[in-house]
1. Would you please name the residue that is surrounded by the fewest Cβ atoms within 10 Å (Cβ to Cβ), looking only at residues in segment 107-143 that are among the aliphatic types (A, V, I, L, M) and touching a helix residue (DSSP H, G or I) at 6+ places or on another chain (Cβ under 8 Å)?
2. Count, please, the residues in segment 163-213 that happen to be hydroxyl-bearing (Ser, Thr, Tyr) and crowded, with 22+ Cβ neighbours inside 10 Å.
3. May I ask you to say which residue of ALA8, ALA43, ALA72, ALA12 is hydrophobic (A, V, I, L, M, F, W, C), at pLDDT 90 or above, under 20 Å from ASP206 (Cα atoms) and in a loop (DSSP other than H, G, I, E, B)?
4. Within segment 53-69, restricting attention to residues that are assigned to a loop (DSSP other than H, G, I, E, B) and of a type in the set (D, E, K, R), which residue is surrounded by the fewest Cβ atoms within 10 Å (Cβ to Cβ)?
5. Of everything in segment 177-213 that's modelled with pLDDT of 95 or more and of a type in the set (S, T, N, Q), which residue is nearest to ASN135 (Cα to Cα)?
6. Out of LEU174, LEU216, LEU167, LEU222, which single residue is modelled with pLDDT of 95 or more and assigned to a loop (DSSP other than H, G, I, E, B)?
7. Looking only at residues that are in contact with a Ser or Thr (Cβ under 6 Å, 6 or more places away or on another chain) and not small (Gly, Ala, Ser) in segment 144-162, which one is surrounded by the most Cβ atoms within 10 Å (Cβ to Cβ)?
8. Taking interchain pairs and intrachain pairs at least six residues apart, which have beta carbon atoms under 8 angstrom, with the first residue in segment 57-82 and acidic (Asp, Glu) and the second surrounded by fewer than 22 Cβ atoms within 10 Å (Cβ to Cβ) and in a loop (DSSP other than H, G, I, E, B)?
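The values are calculated or read from the model by the stated rules, or taken from the named source; none is laboratory data. The model shown is predicted, which means the values in this text are computed figures rather than measured ones. A quick note on method: Cβ atoms are made from the backbone with ideal geometry, for glycine too, and the neighbour counts reach across all protein chains shown.
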Amino acid sequence: MKRRKIYAIRHAEREDDVNPCWYYNSYLTKDNTPLSERGLEQASELYERFQDITKDYVFASPYCRTVETASAILQGSKTKVFIEPGFLESSHVISEAVTGFETVEDTARRFPGQIDLNYLAQHVDVTPEEGDRGNLGCKDRVFDTMNKILEKYEEGTILIIGHKSSLAAVHIYLTKGAPVYPGQATVSKYVEGNMKGRFTCEYACDSSHLSDRTELRGKAKLAY
């Protein structure tokens, strides 16, 4: 059996972290913020980190900031992004009553050649009930998404580009431990052991690839 590796990557810095009024002159909805200038630099540094790492399957939440991060990582790669709402953050932390991410077709037009239009997502959106469960309201959705992905993709290296809350749920799913809330543009790595479906965390929330490690807006200060 070829042991699977999973890299969980939080999107880089978002524009509304530094410019709360960004959406006044944007066609994107308030909750669908793109990357900031610093975020684009962080995404470029993520590209450098993953340049020599195999990327068999890449999943990204449909928000602009996650797709931009995935797009940067995959520069020059033939691997395409699977748009997966199963990795959206909890509706508890989404600023709008209704999520405003673009359709897969619109996303593909903005990122030509990088989006897999044949991928069938495991979930289509968040549910209102998640908002009553706090930051980890997305946990059941993320667990279900992970179950289906790992059942379908039985070998290879998987990248997941998500959000603080959804990646905390990924960490719980893979380690059976307490949640770890990653900082922006940080990387966690999980490796499958001898028993199929059992993963260990090789490191979490690593920011060693970033030139500026301040204000990453996570709750885990150090990689381990």
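1. VAL124
2. Counting residues in segment 163-213 that are hydroxyl-bearing (Ser, Thr, Tyr) and crowded, with 22+ Cβ neighbours inside 10 Å gives 6.
3. Sole residue among the options that is hydrophobic (A, V, I, L, M, F, W, C), at pLDDT 90 or above, under 20 Å from ASP206 (Cα atoms) and in a loop (DSSP other than H, G, I, E, B): ALA12.
4. It comes out as ASP56.
5. For segment 177-213, the residue satisfying everything is GLN184.
6. Exactly one of LEU174, LEU216, LEU167, LEU222 is modelled with pLDDT of 95 or more and assigned to a loop (DSSP other than H, G, I, E, B), namely LEU216.
7. Applying the filter and picking the extreme gives ILE161.
8. GLU68/PRO34
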